[in-house]
Amino acid sequence: MSALLEVRDLRKHFPVRGGLLRRVVAQVKAVDGVSFTLEAGRTLGLVGESGCGKSTLGRAILRLQRPTGGQVLLEGRDLATLPPAELIAMRREMQIIFQDPFASLSPRRTVAQIIREPLDVHGIGTPEERARRVLELLDVVGMRAAVQDRYPHEFSGGQRQRIGIARALALNPKLIVADEPVSALDVSVRSQVLNLIAKLQRERGIAFLFISHDLSVVRHVSDQVGVMYLGKLVELAPTHELFTNPRHPYTEALLSAVPVPDPRRKAKRIVLAGDVPSPMNPPPGCPFHTRCPKALPYCSQAVPQPVDVGSPGRPHSVACHLYT
Amino acid sequence: MNAPAASAVDANGAPAASRRETLWHKALWKLRRDRAGMAGLAVVMLYFLAAIGVWLGWWATGWAEVAGGKWEAPSAAHWFGTNLIGQDIFARSVYSISTAFEVGLVVAVLATLLGGVLGALAGFFAGRFTDELVVWLMGVLDSIPFYLLVAAIAFAMAGNPYAMHVAMISTFWITTARLVRGEVIKLRQLEFVEAAHAIGVPEYTIVFRHILPNTLHILLVQSTITFVAAIKSEVILSFLGLGVKDGMSWGLMIAESTIEVLAGFFGNFLAASLLMFGLVMAFNFLSDALQDALDPRQVS
Amino acid sequence: MSAPLLSVRDLVIEFTTEQGVVRAVDGISFDVFPNETVGLVGESGCGKTVTGLSILGLVPRPPGRIAGGRIEFEGRDLVGLDESELRAIRGRDIAMIFQEPMTALNPVFTVGSQMTDVLRRYKGLSRRQARAAAIELLARVGIPAPDRRVDEYPHQLSGGMRQRVVIAMALSCDPKLIVADEPTTALDVTTQAQVLEQLVRLQEEFRMAMILVTHDLGVIAEACDRAMVMYCGRIVEQAPIEELFARPRHPYSAGLLASIPARVDDERRELPVIPGMVPDLLHLPPGCRFADRCGRRLARCDVEQPGLAPAGESRVACFNPVETPR
């Protein structure tokens, strides 16, 4: 199967300016050399703690932020260098669902205006067809037609998230970046939205890049899971494999830290020392060596390259000196 | 998603309490319940009616005529008495309402427009050249003393009656622009603006369709504040001889009263200052109420 | 069992909104015993946070007010105490830990000066003693190099460190009861685990009781002895922690537990859901508040409100509770 999305050595650095002349004094390496592929209709989960660069990665892929380097190939075309006019046309193929259902909808526009805006922008169909399409999309996300004249503030978080999903679906995208789509929702509503996303994927063959800090949610929706730490993808494996056989010491610690909702199974916890270093001056060598319980002297000297430790047909890539 | 779940959400739709309403409806509803604000609005409307009447020539037409003797006491014919040369003070003070409204409206509308547009552009392009230029301009204009600027503009425009307006507009837009710029900087990183980018909406459409409508509450409140500031400045400038020349203004009446007060006659002074006080107070109440009603943090 | 430390009876908390008066908490009763950790769990708007605040007399007034009931701490009713009496209890006997550590710390003072303030006021320590005590507390909550950290400002600390400082401040007067409102929610997964473990350890060390308010059932399972599930301002189930997770009796508790992805086998894609959504507090149904979303609804549920009644080791407010075989 050919890849829908191929990300090669993607980098996004933010300059830090300082001093009187506002010269660039440092670089925050939010995303620093990330590569992966995503096949059509599959879901790649992306986990990591705040500041690891997972949201920036999502935005750099959609070119909501211009990458500093590397390539983003969507159906073979490099989004990173596409001129603006062609980029607008490519936006039909890729969409985003946001975390905060209160900030992601324009407060002074009706639900119908919000959902049809993508159709208006790209000049799809006649006005009547667009109006019909809005109703169709509302139905897909499980909302009544009557809500279309209402304003976002009249809805609960879960319903707003459905409206945001309808907007993302309007252009029939092939790829959706979902950035913490259920983090702001309550438990009972969260499973409704997760099931909706799963249904859309099943029925419409949309590929998802599912970004979340919540490992249990990622485990539930993803085919593959990538773990990020300080701008780097430290491990990438099929979901079941990653959760049952984590190889990178950071992944192990992360998995052991999740509170288990079962009082009889107290987790054996790997407690990490210290805090995540600042992405402004990440440690030399392996970014994780300062907190790694298994660190070797060599880890502070060279950056580990991803190696495949999986079985044939089930690639499992890990960037750690323990496996090189 | 399984069928019963979907239909249950459908059945509920939106919370039963919510009526179909925009944020504007909510603000209006809140404004209506604000007694001080509604009283302020009523008084402002009364003044406004008086001003319209003057413009249409319904009343106060004889403000320049000599209608009686010098310094007559209030009577049925001359409610506030007459001035030094026997002109009716009531007619003059009512006529001044139209002057105040003319200056207030022109300055408030134009300064708000200018401030809104420049502030929005600066905010959206924050950190880029457009922004630096607007910020520099604001700094420069702010550093010139107001009355010096008015005098300079009046001199440059060779006694043009609109010199006063130009001076006010060229300084009053700054506060509005600062506020709008700050709000736009905040708004442009919100997710709904990012969503518009993701859909492929062109940049200028984003500014006018998604960002500016969300600053309207600031513009509305600022325009009422600018209105009050313009009225007060008009009176002071007229008093100083830098403002109204061919018409009538409370400022001119107060200037006239400087001789009269020493002689124990307070007609001009009381009429002008009381009418001005009433209008400014009413406007302030209205503007406070608007601010409360429109604050998006309070409209949930 | 010993006498309860805190005893809440028929507590009603109302908020005045533009649309009318809302009962955020509607007649709840519970006890907290010395040295135990009680979880208060529920979704946003269920009244759990307001309940926590009311124990310290921190319900914002207006728009809120305690409209009925009693909150007895060591036999003394806290409802109706004036501000100065409450202040004497707050911090000394009952302390609170908030979700967002940055807002609980004053950004313009060092960690040390904020801590010594409290220590000097409540414990009458000298400046030097207070500083030593502050450093010791910081060490006890697991802050490395506490003698250095004590002179730093809040913004110099990471999120996890800040929350530890907040915990250290809460502990500074040896309170008998700590109310922790989502203490780990704002933290990252790995930090969350550390802070939670520390909190559980300190609760045992300091021999205090703790009320842990959270939406996260995982946190409840790890830290609590007992839990109360709230829905729409009422307690729907009260149970020892193992019992709650093994045999949830209220259909809402059962639904919540079932819909956690971590408890669902990852090969199965469809998550069980609780259909519909939480009713508007202004338009509550006359009967059970969960009836609309409940799969076990009886005719009686629409007309009558169930009260908490004993069921095995638990107490549940349901006419048709879930039966799970042992």
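Entry note: chain C has Rg to Rh equal to 0.99, where both radii use alpha-carbon atoms and Rh is the Kirkwood radius. When the accessible areas of C alone and A alone are added and the area of the pair subtracted, with a 1.4 Å probe, the result is around 3600 Å², both sides summed.
For segment A:60-93 and segment B:158-184, what is the separation of their Cα centres, given in Å? Between the Cα centre of segment A:60-93 and that of segment B:158-184, the gap is 43 Å.
Under the criterion of Cα pairs below 8 Å and six or more residues apart, the relative contact order for chain C equals 20 percent. Taken one residue at a time, the phi angles of segment C:147-159 give Karplus couplings (6.51, -1.76, 1.60, θ = phi - 60°) of 5, 8, 4, 4, 9, 8, 8, x, 5, 7, 9, 6, x Hz. Gly and Pro are set to x. Look at the Cα gyration tensor of chain B: its axes a ≥ b ≥ c give a/c of at least 1.5 with a/b at or below b/c, and that counts as oblate. All alpha carbon pair distances within segment A:132-289 were sorted into 10 Å bins beginning at 0; the resulting P(r) in whole percents reads 9, 31, 30, 19, 10, 1.
Annotation: amide H-H contacts under 5 Å for A:Leu4 (H modelled 1.01 Å from N, sequence separation of 5 or more, or interchain): A:Leu38, A:Glu39, A:Ala40. For segment B:33-135, a/c is not less than 1.5, where a ≥ b ≥ c are the root eigenvalues of the C-alpha gyration tensor, and a/b tops b/c. That puts it in the prolate class. The A-B contact accounts for approximately 3300 Å² of buried accessible area, totalled over both chains at a 1.4 Å probe radius. Among the GluC sites (Glu not before Pro) found in segment C:38-107, those both in a DSSP coil and sparsely packed, with 16 or fewer other Cβ atoms within 10 Å of their Cβ, are C:Glu74. Of all the options C:Pro60, C:Pro154, C:Pro146, the one that moves most in a Gaussian network model of chain C with Cα springs shorter than 10 angstrom is C:Pro60. By accessible area, using a 1.4 Å probe on protein heavy atoms only, the protein assembly as shown has 57% of its surface on carbon and sulfur. The amide H of C:Val179, built 1.01 Å from its N in the peptide plane, has C:Ala95, C:Met96, C:Ile97, C:Ile211 as neighbours under 5 Å, considering only residues 5 or more places off or on other chains. Between A:Gly69, A:Gly125, A:Gly41, the Gaussian network model of chain A with springs among Cα atoms under 10 angstrom shows the greatest mean-square fluctuation at A:Gly125. Computed from backbone phi with θ = phi - 60° and the Karplus coefficients 6.51, -1.76 and 1.60, the 3J(HN,Hα) list for segment B:107-112 is 5, 4, 5, 6, 5, 5 Hz; x is used for glycine and proline.
Pairwise alpha-carbon distances in the protein assembly as shown exceed 43 Å for 47% of all pairs.
Per-residue accessible area (protein heavy atoms, 1.4 Å probe) orders A:Arg144, C:Arg293 as A:Arg144, C:Arg293, starting from the largest. Label chain A by shape, choosing from rounded, prolate and oblate, from the square roots a ≥ b ≥ c of the eigenvalues of the Cα gyration tensor; if a/c is under 1.5 it is rounded, and otherwise prolate applies when a/b is larger than b/c, oblate when it is not. Prolate is the answer for chain A, as a/c is 1.5 or above and a/b outweighs b/c. Taken one residue at a time, the phi angles of segment B:160-173 give Karplus couplings (6.51, -1.76, 1.60, θ = phi - 60°) of 4, x, 8, 4, 4, 4, 4, 4, 5, 4, 6, 10, 6, 5 Hz. Gly and Pro are set to x.
Based on alpha carbons, the Rg and Dmax found for segment A:80-159 are 14.0, 43 Å.
Over chain B, accessible surface divided per residue gives 47 Å², non-protein components excluded, 1.4 Å probe.
Database remark: amide H of A:Ile97 closer than 5 angstrom to the amide H of A:Val177, A:Ala178, A:Asp179 (H placed geometrically; neighbours at sequence offset of 5 or more, or on other chains; Pro and chain starts carry no H).
Applying a threshold of 31 Å to the alpha-carbon distances of A:Lys12/B:Lys26; A:Lys29/A:Lys294; B:Lys70/B:Lys232; A:Lys12/C:Lys48; A:Lys232/A:Lys268; A:Lys29/C:Lys48 flags A:Lys12/B:Lys26; A:Lys12/C:Lys48; A:Lys29/C:Lys48 as lying beyond it. Working note: 222 nm ellipticity from helices only, DSSP H runs with n ≥ 4, each -39,500 (n - 2.57), summed and divided by the residues of the protein assembly as shown, gives -13000 deg cm²/dmol to the nearest 500.
The values are calculated or read from the model by the stated rules, or taken from the named source; none is laboratory data. These numbers were taken from a predicted model, which means no experiment stands behind them. Glycine gets a Cβ as well: all are built from the backbone with ideal geometry, and neighbour counts include every protein chain shown. Note: areas computed on protein heavy atoms with side chains; ligands, DNA, RNA excluded. Shrake-Rupley method; radii C 1.70, N 1.55, O 1.52, S 1.80 Å.
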